[in-house]
Amino acid sequence: MKKLMVAVAISSALIAAGCTSQASNTQKGATIGAIAGALIGKGTGDHDKSRYVWGAAVGALAGAAIGNYMDRQEQEFREELAGSGIEVIRDGDNIRLQMPSNITFQTGSSAVSPSFEPILSDVARVLQKYEKTTMIVEGHTDSTGTAEYNQQLSENRAAAVAGELMEEGIDRRRLTVIGYGESQPIASNDTTAGRQENRRVELRILPNKE
């Protein structure tokens with residue numbers, strides 16, 4: 001009963017965030033991010049549990065069907081996101097969408113930029129067509145600032161992206177949020193260009209396997 005009450009409260013808050021004309025885009029993004037952060041698990045254990053529950057609900061893939069399913073999804077992402085600034089990366093049976101922070105967030109903010117919201121709508125449109133997948137939303141920062149600040153910023157930004165996807169109709173059981181802070185750089189933090197690469201949110205898309 002308690003879980004049901006929490007779910008109802010969260011649903012009401014999401015509706016309010018989306019429909020209140022008085023709220024600015026920044027407030028809306030912060031509200032959705034906070035809801036997502038409170039709702040979605042932040043560890044791989046939570047994600048494994050979500051994958052099990054979601055897989056039981058929609059079925060699983062096996063054998064050659066996995067590769068074919070992910071191939072088609074990858075192609076649709078490439079078509080939908082061409083020119084958007086999001087990099088589509090194939091990693092075995094998984095797909096990664098790499099979202100640089102300079103197009104996703106304003107400096108120092110964890111609210112999704114209004115100009116990026118239509119792009120996340122395109123992402124959600126593809127995800128809705130391929131429901132036999134779950135997602136991990138990963139936040140990453142550069143090494144500027146304290147480790148504690150970067151950890152919190154990475155979590156908040158990942159949660160904000162997850163919140164936007166939920167608002168677009170993606171079932172919360174498919175989503176897990178993880179913040180990695182500055183711990184997983186993909187370039188050197190000694191250069192401006194490298195730090196910009198490290199500031200990112202990645203959406204890791206995994207097939208439900210039998």
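The values are calculated or read from the model by the stated rules, or taken from the named source; none is laboratory data. Here the structure is a predicted model, which means the values were calculated and not measured. Don't worry about glycine lacking a Cβ; one is built from the backbone with ideal geometry, like all the others, and counts go over all protein chains shown. Side chains included, ligands, DNA and RNA excluded: accessible areas come from the protein's heavy atoms. Shrake-Rupley method; radii C 1.70, N 1.55, O 1.52, S 1.80 Å.
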Protection proxy ranking of 139-146, 196-203 - average other beta-carbon atoms within 10 Å, highest first: 196-203, 139-146
Probe 1.4 Å - accessible area at Glu138, Å² to nearest ten: 10
Length gained when the stretch Glu87-Lys129 is fully extended (0.36 nm per residue, less Cα-Cα span): 13.1 nm
Formal net charge of residues neighbouring Asn198 (Cβ-Cβ distance under 13 Å; K, R +1; D, E -1): -2
Principal axes of the stretch 116-210: Cα extent on each, largest first, Å: 41, 32, 21
Carbon plus sulfur fraction of accessible area for the stretch 56-163, probe 1.4 Å, in percent: 47
Efficiency of FRET between Ser115 and Thr144 - r from beta-carbon atoms, R0 25 angstrom, step 0.05: 0.55
Cα-centre dipole for the stretch 167-210 with unit charges at Cβ (Lys and Arg positive, Asp and Glu negative), debye to 20: 120
